[in-house]
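Below is one structure, written out as structure tokens, with a few remarks after it.
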Amino acid sequence: MKIKDKLILDIIDVNYMGRGVAKLDDFVIFVIGAVTGDKVEAEITEVKKKYCVAEVKKIINSSEYRVEAKCKNFEKCGGCALMNLKYDKQLEFKNNQVLNSFKKARVNIEDAKINEIIGMENPYRYRNKTAFAVRTDYKKSSNPVTIGTYGYRTHRLIDIDECLIQDEKVDILLRKIKKIIEDNKIESYDKRKKTGTIRHVVFRKNYLNEIMLIVVTSSEHFKGKEKFLADLSAIGEDVVTIIQNINTKVSSDILGRRNIVLFGKGTFIDKIFDKQFIVSPSTFLQVNHEQTEKLYDTAMRMADIKKTDTVLDLYCGSGTISLIAAKQSLKVLGIDIVRQSITDAKTNARINNTKNVRFVCGKVEEKLPLWVDAKIEADVILIDPPRVGCDIEAIKSMMIMKPKKIVYISCNPSTLTRDASSIIEAGYKISEIQTVDMFCHTSAVETVVLFEKR
Ligand SMILES: C[S@@+](CC[C@H](N)C(=O)[O-])C[C@H]1O[C@@H](n2cnc3c(N)ncnc32)[C@H](O)[C@@H]1O
């Protein structure tokens, strides 16, 4: 097989990137733009040792699961890779992705209760945080300002003036900001030439639908700043605070360390169940509010915490799960690596008048062994690590603590199942698995797993 070869393919599945999967004599071909059940003519675009990538050229028979993607940027953007698949099929795909991952890792889930995935009634306009890159070119005769996202694994910035998974108010703001940048001739930052200023715009939304606008720049001062900021301050659309974030680094991180409050308080309050949480530009909060409550509710039900229980909340972020768990427990101890998150977690404990929580800043794999040495005991451990999963030292310490239950929240099935193997080997069984669709139309899936001591 070589590049530009044309093939007729039957699509038998979709992969974790939302690409159709076809097989020719057991050789796998990932087909961009195809969904399960399609018969397509596809052109090979990449040839690897174990697989090929192809692009759909013609749909010969359209799958019964195929729908017209509602987003006009669907083909270019790559963010919502599954939007052309019926929503219930997306859910089935995500659940299978998790179950297959357990199978591949040879983790026994035969005795586990496996629930149906929790989807959304309306899987659009759900994100409470979005970030867009800015690029300007005033030599162009029209549309000199591009604000948007990069195409999947490309450096091509796609102009976005509407994104169906964010609030409609943010769409309006995007268009207004674009005009303000253009009117004031603000130059975007060029990493290579080290010229220009504006890098990103970030939007956050809280439970009251108030908006925080963060304008990321490469330096504090820049030409035209006063008028630019005055125009931004008059932007409306329920923007309650505007922050200039300074990011001087040449890296893919969106936010830098320094924030200058330009308008409003620089923070706002969000609410999950009856708990209030302070949100600053860098605060980690789950991005889908409605599904977060279902996710946390599932974790709490599985944890079944008793009033006498000491609970650990590892990778606690700004203490959301800790504060929800604190109501039912004797005490909750949280660890997170990000100092600002721990500062926020302490503030959150104070504003919610919760006294039985303690938060420590550091790496779980370094702090937990110290707690083991200090003979701190845990009845229930809640873990919600980043995509890389848990460090083996963290798992070893958890195993020494021998909690009766571990509730593991994961955004990455492959690291979840890797860690599950170690936990099971140390004497636990998986009792329940619940997948939750937090990132509708994308191929990402969230899973909650209950481990119980055998
Ligand atoms: C998926 S988030 C979960 C946050 C929180 N549980 C929530 O639901 O909002 C993962 C968290 O792990 C933290 N983190 C990443 N690596 C870590 C490590 N080695 N030790 C401690 N925390 C870490 C991140 O700062 C982030 O807050």
Item to complete: Taking just the C-alpha trace of segment 191-251, give me its Rg and Dmax in Å.
Response: 13.0, 41
Worksheet item: At q = 0.15, 0.22, 0.23, 0.24 Å⁻¹, what base-10 log of I(q)/I(0) does the Debye formula yield for segment 356-454 when every alpha carbon is treated as an equal point scatterer in vacuo?
Response: -0.61, -1.20, -1.28, -1.36
Item to complete: Rank-order 254-261, 139-146, 318-325, 358-365 by packing density, defined as the average count of other C-beta atoms within 10 Å over each peptide's residues, highest first.
Response: 318-325, 358-365, 254-261, 139-146
Worksheet, complete the sentence: With 0.36 nm assigned to each residue of separation and the Cα-Cα distance removed, D161 to Q328 gains 55.6 nm
Worksheet item: What is the distance, in nm, between label points placed 7 Å from the Cα along the Cα-to-Cβ direction at E237 and at N115?
Response: 3.6
Worksheet item: If you take all C-alpha pairs in the chain, what percent of them are over 32 Å apart?
Response: 47
Discussion item. At 222 nm, what value in deg cm²/dmol follows for the chain if DSSP H runs of at least 4 each add -39500 (n - 2.57) and the sum is divided by all its residues, to the nearest 500?
Written reply: -8000 deg cm²/dmol
Practice prompt. Could you tell me the distance between the Cα centroids of segment 139-162 and segment 29-58, to the nearest Å?
Written response: 26
Practice prompt. Determine the alpha carbon to alpha carbon distance for each of K86/K179; K227/K265; K227/K249; K223/K346; K58/K179 and list only those over 32 Å.
Written response: K86/K179; K223/K346; K58/K179
Discussion item. Compute for segment 6-66: radius of gyration divided by Kirkwood radius, i.e. Rg/Rh, restricted to C-alpha atoms, rounded to two decimals.
Written reply: 0.92
Fill in: Cα-centre dipole for segment 1-131 with unit charges at Cβ (Lys and Arg positive, Asp and Glu negative), debye to 20
560
Worksheet entry | Nearest-20 debye value, the chain charge dipole, Cβ charges on Lys, Arg, Asp, Glu | 1280
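Computed from the coordinates by the stated procedures, all read-outs in this text should not be read as laboratory data. Fair warning: this is a prediction, and the values are worked out from it, not measured in the lab. Because the Cβ atoms are built from the backbone with ideal geometry, glycine has one as well, and the counts that use them run over all protein chains shown.
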